[in-house]
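Structure record follows, encoded as structure tokens.
Just so you know, all these numbers are worked out from the coordinates, no wet-lab data involved. The shown structure was predicted, so the numbers you read here are calculated from the model rather than taken from an experiment. Neighbour counts are summed over all protein chains in view; Cβ atoms, including those assigned to glycine, are modelled from backbone coordinates with ideal geometry.
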Amino acid sequence: MPGAFANAKILISLEPGRLTVSAVRGGAIVRTSAEHLSPVDWAGHWEQGLRTLHEPLERAMARVRAAPGDRAVILFESPQSTAEMMEVPARGTEAVNAARLAISDRVQVAADSPCIAVRALGEVSDSAGVRRSQLIVVASEESVVQRLTEWAERVSLRVIGIVPAGGALLSKLADEAAEHQGRGDDARIFAIDRHRTVVVSVREGRMQVLRTFEVGVQHIIDSLVKGSQSSEAGRGAGITPDRAYELLKQEGLPHSGNETANYGDLDMRCVLPLLQPVLQRLYVELRQSFRLSGRQVSTSGVVLKMSGTGCEIPGLSAIIADALNVEVETIEGSSADALASAWLSSKAATSLRLTSLMTLHEQTLTRVRKCSLIGAGLGVALLGGQIAWTGMQMRAIDTALVAGEADLDRCELFAVMSAEAAMTKQDIVKARGIIDQYRGNQPDWQACLTEVAIAGEARVGLIELRGMIEDGTPVIVVSGVADAGNEGADLNEFIRLLTVSALVRNVEVISRRLMEVDGHESHQFRLRIALESVDFARLHAEVSP
Amino acid sequence: MIVQLVRRPIMLTVAGAFGCVALWSVIVAPMKQELDRKAKELESQQMLVTQGLAEIARAEVDPILLMNEFKVIAQEYESLWAISADSTVVYKMFDELALIAGVSIDRIEPSRTGVRTDDGQTRLLHSGFVVELRGAYDRILAFVELTQTSMGLTRVTSVRVNPASTMGQDSVVHAHLVTEHVGVSGLFAAVKELP
């Protein structure tokens with residue numbers, strides 16, 4: 001699975017005398033542009049915060065068609081940085097912390113600084129059985145990382161990684177060693193870079209050696225340049241490092257077998273004395289690294305695998321094979337660009353990323369901002385959601401209330417009408433009571449007085465009829481005179497007729513006095529007729545239908 | 001340094017949190033209170049509707065129909081004492097009834113008036129007249145009958161007739177009537193509100 005560097009669009013390699021910008025697509029370098037820098041000004045560039053490299057960088061970027069905002073990885077060389085493999089007699093975090101502490105003494109940074117990066121390779125047991133962690137540790141001074149970051153950001157690149165070039169090469173060789181370990185193969189591999197050579201040896205299923213020594217192609221180039229500057233150098237006197245590199249790639253490495261011949265434009269006799277120390281050191285370092293014996297003891301059958309920029313120099317592998325009396329194979333597709341592409345795509349590449357404190361702070365700030373924004377967004381979303389949900393609930397309840405209003409109105413109307421009906425019923429009862437009280441208990445005076453008149457017709461003379469209601473009982477008091485003859489038969493008949501009347505309850509004679517009127521004896525009488533209490537309306541209906 | 005860098009976003013976060021809480025208090029909390037109130041209102045409404053529908057289902061008579069019947073009865077009662085409540089109308093009606101009955105009113109004067117309140121709501125307005133009239137006996141009785149039947153809630157509390165030669169068509173008798181007229185108010189308030 002590729003790491004974050006696989007997304008890089010630009011790979012910048014900054015080394016003394018050379019600035020290389022490569023366009024990367026899909027983890028592979030597709031275009032490369034280099035700017036020659038004067039090695040003399042190298043320290044000056046750093047002192048000025050790499051501002052002097054702004055224009056070369058822009059030019060190189062334009063040539064590889066880099067766009068503002070492209071993600072960039074920077075590989076750099078600096079005396080204030082280091083990259084090395086460590087074996088620490090500890091495990092896990094303890095080993096990492098120990099490695100950080102160890103390297104912080106050499107590079108002026110704190111042990112917990114983001115300018116130190118550690119890649120854990122694995123664990124091995126030493127001869128005493130102690131478990132040791134194998135680690136690649138890179139570190140750089142804070143100012144270096146900060147300057148590189150600012151330098152790239154000034155041309156609008158997004159820096160996603162800053163790694164010392166030595167660390168990248170160590171990491172790549174460690175990956176290759178791991179592949180051999182995985183297959184159970186023994187392997188001796190070395191990669192000659194421009195400024196260093198990295199050696200890795202896998203034997204008996206463990207990585208025996210992973211080390212760097214400072215001999216690279218640039219040292220060979222420097223030898224050629226120095227040789228060309230001597231008075232005997234011939235027509236090619238004073239060639240540039242780029243020209244020297246071109247010559248190396250075209251003509252191969254000069255060697256003692258053809259020292260009388262011209263090497264391109266250079267006289268070999270001037271070059272070889274300066275080249276030999278470099279090559280000798282390369283041989284010695286390789287021999288020591290792989291623990292090879294000298295020429296006297298045969299080492300035939302041992303195969304070294306070579307990769308890196310050194311593979312681009314014809315004859316270099318043969319010279320090394322001859323010098324070490326071993327077989328040297330060049331790994332196919334192991335040029336500098338191929339190595340860089342493979343490293344970018346490796347999962348472990350990002351583990352050696354250095355970050356300046358400022359960048360770390362900015363990243364922290366960005367994370368805090370993002371968290372704040374997310375928190376604010378969540379808060380607003382929560383609020384909005386709550387408001388929407390509550391509003392939805394309220395609308396649902398409103399709808400239900402409106403739907404229930406018709407039923408409620410019907411029920412309320414029923415209740416109100418029931419109550420009013422009950423109240424009206426009481427009123428009707430009360431009204432009937434009032435009517436009965438004031439109208440129902442009065443006699444039908446017309447009927448009663450007519451009854452009295454009929455009963456007295458031709459029998460008695462009625463002087464006065466007085467009808468009244470006494471204690472709720474209708475009463476008629478009759479005053480009159482009647483013939484006293486025939487034993488008062490007329491009065492008696494009058495009383496009898498009244499007594500049998502349905503309208504009369506009883507007849508009471510209040511007084512009767514015999515008196516003589518015009519020679520006739522008459523009875524002057526007063527009767528009290530108590531009338532039946534009959535409902536006036538019913539009685540009236542019967543009497544006067 | 002990192003503390004200084006993150007101070008502002010942290011302060012903004014805290015301020016945002018306070019803002020959220022404030023917005024919650026100002027907007028959401030009242031909405032939730034309103035929601036609770038409406039939920040209770042809905043619950044109450046549903047309970048009332050359930051009870052009301054049960055009562056409607058149990059009811060034997062539709063109260064609206066009943067009230068319509070009561071309204072007719074009430075109108076009859078109201079019209080009954082509409083005449084007797086107004087003494088001026090009563091006064092005029094005596095002349096009309098006398099004319100109908102064929103009697104002459106010699107004297108008419110109010111006897112008594114008063115207001116009686118029944119249980120605080122129903123008011124009974126009493127008025128009374130003393131009427132002296134003259135005419136044939138049967139006409140006098142016809143007048144009494146008309147008074148009893150045509151003047152609303154009216155009763156004749158006493159009748160005095162003299163000389164009571166009674167049934168003779170030509171004989172003229174004098175009559176002295178005491179009447180009582182009652183007006184009622186404060187009843188059927190519910191019926192009056194019906195459309």
What fraction of the Cα pairs in the range A:25-161, stated in percent, has a spacing above 19 angstrom? 60 percent
Using DSSP, restrict attention to beta bridges with both residues in chain A and report what percent are antiparallel, rounded to the nearest 5. 80 percent
How many Cβ atoms of partner chains, on average, are near each residue of B:130-143 if near means within 10 Å of its Cβ? 2
Residue A:402 versus residue A:54: modelled label distance in nm, points set 7 Å from Cα along the beta carbon direction: 6.8 nm
What distance in nm separates the simple spin-label points at residue A:492 and residue A:130, each placed 7 Å from Cα in the Cβ direction? 16.6 nm
Taking only the alpha-carbon atoms of the range B:69-191, the convex hull volume per residue, in cubic angstrom, is 101 Å³
Per residue of B:67-75, count partner chain C-beta atoms within 10 Å of its C-beta, then hand back the mean as an integer. 3
Within chain A, helix-based [θ] at 222 nm, where runs of 4 or more DSSP H residues each add -39,500 (n - 2.57), nearest 500: -15000 deg cm²/dmol
In Å, what is the Rg of the alpha-carbon atoms in chain A, and how long is Dmax? 65.8, 211
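State, to one decimal in nm², a quarter of the convex hull surface area for the C-alpha atoms of the range B:1-60, i.e. the direction-averaged projected area.
In nm², the orientation-averaged hull projection of the range B:1-60 is 4.8.
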As a quick test, which of the pairs A:425/B:38; A:172/A:370; A:172/A:226; A:226/A:249; B:38/B:71; A:425/B:40 have an alpha carbon distance above 29 angstrom in this structure? A:425/B:38; A:172/A:370; A:172/A:226; B:38/B:71; A:425/B:40
Please compute the contact order of chain A in relative form: average sequence separation of alpha-carbon pairs under 8 Å and at least six residues apart, divided by the residue count, as a percent. 11 percent
Starting with the highest mean, order A:349-361, A:500-512 by the number of other Cβ atoms within 10 Å, averaged over the residues of each peptide. A:349-361, A:500-512
Please compute the alpha carbon radius of gyration of the range B:1-142, then divide it by the globular-protein estimate 2.2 N^0.38 Å. Two decimals is fine. 2.69
Cα point-scatterer Debye curve for the range A:299-378, base-10 log of I(q)/I(0) at q = 0.15, 0.17, 0.21 Å⁻¹: -0.72, -0.81, -0.96
Please compute the modelled spin-label separation between residue B:116 and residue B:150, points set 7 Å along Cα→Cβ, answer in nm with one decimal. 2.8 nm
Here the tail fraction of P(r) beyond 22 Å, over all Cα-Cα pairs of the range A:1-106, rounds in percent to 48 percent
Taking each residue in A:406-418, count the Cβ atoms of any other chain within 10 Å of its Cβ, then average. What number comes out? 6
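Excluding residue A:424 itself, calculate the net charge of residues whose Cβ lies under 14 Å from the Cβ of residue A:424, where each Lys or Arg counts +1 and each Asp or Glu counts -1.
Taking every Cβ under 14 Å from that of residue A:424, the sum is -1.
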